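Right, one structure below, let's go through it.
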Amino acid sequence: MRRRAFLSGALGAAIAALYARTPYAQGDSHAMPMQPDASGMAGMQHDTMPAHAPLAAADALQAGAPLPALRTLANESREPGHFRATLVARPVARPLLPGQPDTLFWQYDAGAADPDRGKPVIGPLIDVHEGDTVEIRFVNNLSQPSTVHWHGLPVPPDQDGNPSDPVAPGAERTYRFTLPAGSAGTYWYHPHPHRMTAEQVFRGLAGPIVVRAADDPLASWPERHLFVSDLKLATDGTIAPNSMLDWMNGREGQFALVNGARRPRIDVTRDERWRVWNGCSARYLLLAFDDGRPFAQVGTDGGLLGAPREGVTLLLLAPGERAELIVRANAHASDAKLMAAQYDRRKMAMMGGSLPPDAAFALADVRFGPGAATPDAAASPELPARLRSIVPLGPARARKSVVFSEAMDMKAMHQPGASARAMPRGMHFLVNGATYDPGRVTLTSRRGEVEAWSIENRADMDHPFHMHGTQFQIVARERAGMRVEEPLLAWRDTVNVEPGETVWIATVQRDAGDRMFHCHILEHEDLGMMGTLRVT
Ligand code: C2O
Ligand code: CU
Ligand code: CU
């Protein structure tokens, strides 16, 4: 195992030396600062890079406020079937830590006329319908290039915010696409510029999308949105830069926020349909209630399941994944915590081996039971036994193989300054043996042809695979030669692959053009764990 050698050897020593010299050594055993260096990073923003302030305490942000509602992006079009709006990406200062300067986020909003700027930093919800033509003018008011990627949506390749289509600082462009029948589901949007995706997302750029179907069997259900994001905050109110370990394992701050709030309160007085987004850079969310109460899963990334999955007590959402749940109020009042339960994604340790899994923590406090306004919990709608029909994709006409691996270049890591740059040198996360090269096509597919892809993880930690432009179906998972057919027929665009595991998917691309596929740990993506699929 190359990684073990690398960790227990040179990097371990290098990190330990770096670590000992920093103020982080006292406060945060996981964080080591990387000094930004603009020479290798076009447009890198220096004014927002914090000095070496230690991380704020895990309770520095107030908890217990009611779950903030997401803002909604207003439709400026009066035409039926048409959604038109402006999204501006820009720095916004928000008071966060008492007695400290405002925290400078980068966020999406509708521009100067946006009346909701006091609302969560999460980008406004784009709430649209199948058949809609969506036209979004994107204005880049950042000091770096950016794009808007419509994660999971079947939009044309040249409208999908590929890294090859950057919007320069101060420039704008309009993204245009029509949402096909069958695309109803839970999606999100975020930047995708080459090597700057991780930073732009951790500074706040991400927002939810809901596409609705005219014949949605759950249309009458009260709906609640939980967009989970990650925040790593220093005591001086700045957003901390990535440490060496953040680059290696994927960034996890001391806060996992729901709709921008730490551990908010949710009152469930009727049965509800929840849409949950994992918008974190790298944090895995193993959703559970602390008292083990079951919920139902009714949807994945790409919309509803064929039938509700009742009795679910644990549901893993890898970074980038979404789910639709049914959470029931029950007739009697009770409290439970919505947890991110312990999940071991086998993060690397500094001196070799793996880090122990993070402790479980509460995402939200939920009060169940009939409320004063709705005294009768029985008023909740009936959950249909069938939700929609999903036809298995097939037969596959071609096979594709994707292999994730890690490799560490000792020489590069020992060059002076290797660990003193915004991106560390010598740390390689590979797809089919190579890091991302904008000039290279990794795989080629034919439009309309169903393919069987195997995604094999030969690395030592979990990596979530994501593909652009389409929803796929998991067919089987294979470990140590044991192949297990996937019991759940569902549409997804992101799937976790454990070390030593191979996940088989069925997939088809409908449009010609270049699509990205990558690990959705955004640091790994930026470090090159990404490929280009050319569809002809
Ligand atoms: Cu949400 Cu290319 O990713
Ligand atoms: Cu995507
Ligand atoms: Cu990864």
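Which residue, 532, 502, 522, has the largest displacement toward the positive end of the dipole of the stretch 398-535 when charges sit on each Cβ (Lys, Arg +1; Asp, Glu -1)?
532
Can you list the residues, at least 5 places off or on another chain, whose amide H is less than 5 Å from the amide H of residue 363, using H built in the peptide plane?
The list, which skips near neighbours in sequence, is 338, 339, 340.
Let me know the volume per residue of the alpha-carbon convex hull for the stretch 185-273, in Å³. Please report the intermediate quantities before stating the final value.
Working: hull volume 11.2 nm³, N = 89.
With only Cα atoms used, the stretch 185-273 gives 126 Å³ per residue.
Using Cα positions and a limit of under 15 Å, work out the aspartates and glutamates in reach of residue 337, with same-chain residues fewer than 8 apart set aside.
267, 290, 291, 365
Would you mind working out the magnitude of the charge dipole of the stretch 398-535 relative to its Cα centre, with +1 at each Lys and Arg C-beta and -1 at each Asp and Glu C-beta, to the nearest 20 Debye? Present the calculation step by step, with values, prior to reporting the outcome.
Values: 16 positive and 19 negative charges, 85 e Å.
So the magnitude is around 400 debye.
If you count the DSSP beta bridges with both ends in the stretch 82-212, what percent of them are antiparallel, to the nearest 5?
If I count the DSSP bridges inside the stretch 82-212, around 65 percent turn out antiparallel.
Dipole of the stretch 82-212, Cα-centred, from +1 at each Lys and Arg C-beta and -1 at each Asp and Glu C-beta, to the nearest 20 debye? Kindly include the intermediate steps, with their values, before the conclusion.
Working: 11 positive and 13 negative charges, 48 e Å.
Value, rounded to 20: 240 debye.
Apply the Karplus curve 6.51 cos²θ - 1.76 cosθ + 1.60, θ = phi - 60°, to the phi angles in the stretch 266-276 and return the couplings in whole Hz, x for Gly and Pro.
After applying 6.51 cos²θ - 1.76 cosθ + 1.60, I find 10, 9, 9, 9, 9, 5, 10, 9, 9, 10, 10 Hz.
Residue by residue, what Karplus-based ³J(HN,Hα) values in Hz, rounded to whole numbers, does the stretch 97-107 have, using 6.51, -1.76 and 1.60 with θ = phi - 60° and x for Gly and Pro?
Values per residue, Gly and Pro as x: 9, x, x, 10, x, 4, 8, 8, 9, 10, 9 Hz.
In what sequence do 524, 332 fall when counting other Cβ within 10 Å, fewest first?
Working: 524 31, 332 9.
Least crowded to most crowded, the residues run 332, 524.
Can you tell me what percent of all Cα-Cα pairs in the stretch 398-535 are more than 19 Å apart? Please report the intermediate quantities before stating the final value.
Numbers: 4860 of 9453 pairs.
Of all Cα-Cα distances in the stretch 398-535, 51 percent exceed 19 Å.
Using θ = phi - 60° and the Karplus relation 6.51 cos²θ - 1.76 cosθ + 1.60, list the HN-Hα couplings for the stretch 144-155 in order, rounded to whole Hz, with x at every Gly or Pro.
10, x, 8, 8, 10, 9, 9, 4, x, 7, x, 9
The numbers here are math on the coordinates, done by the rules we state, and not lab data. Quick caveat, the model's predicted, so the values are computed rather than measured. No Cβ is skipped: glycine too gets one built from the backbone with ideal geometry, and neighbour counts run over all protein chains shown.
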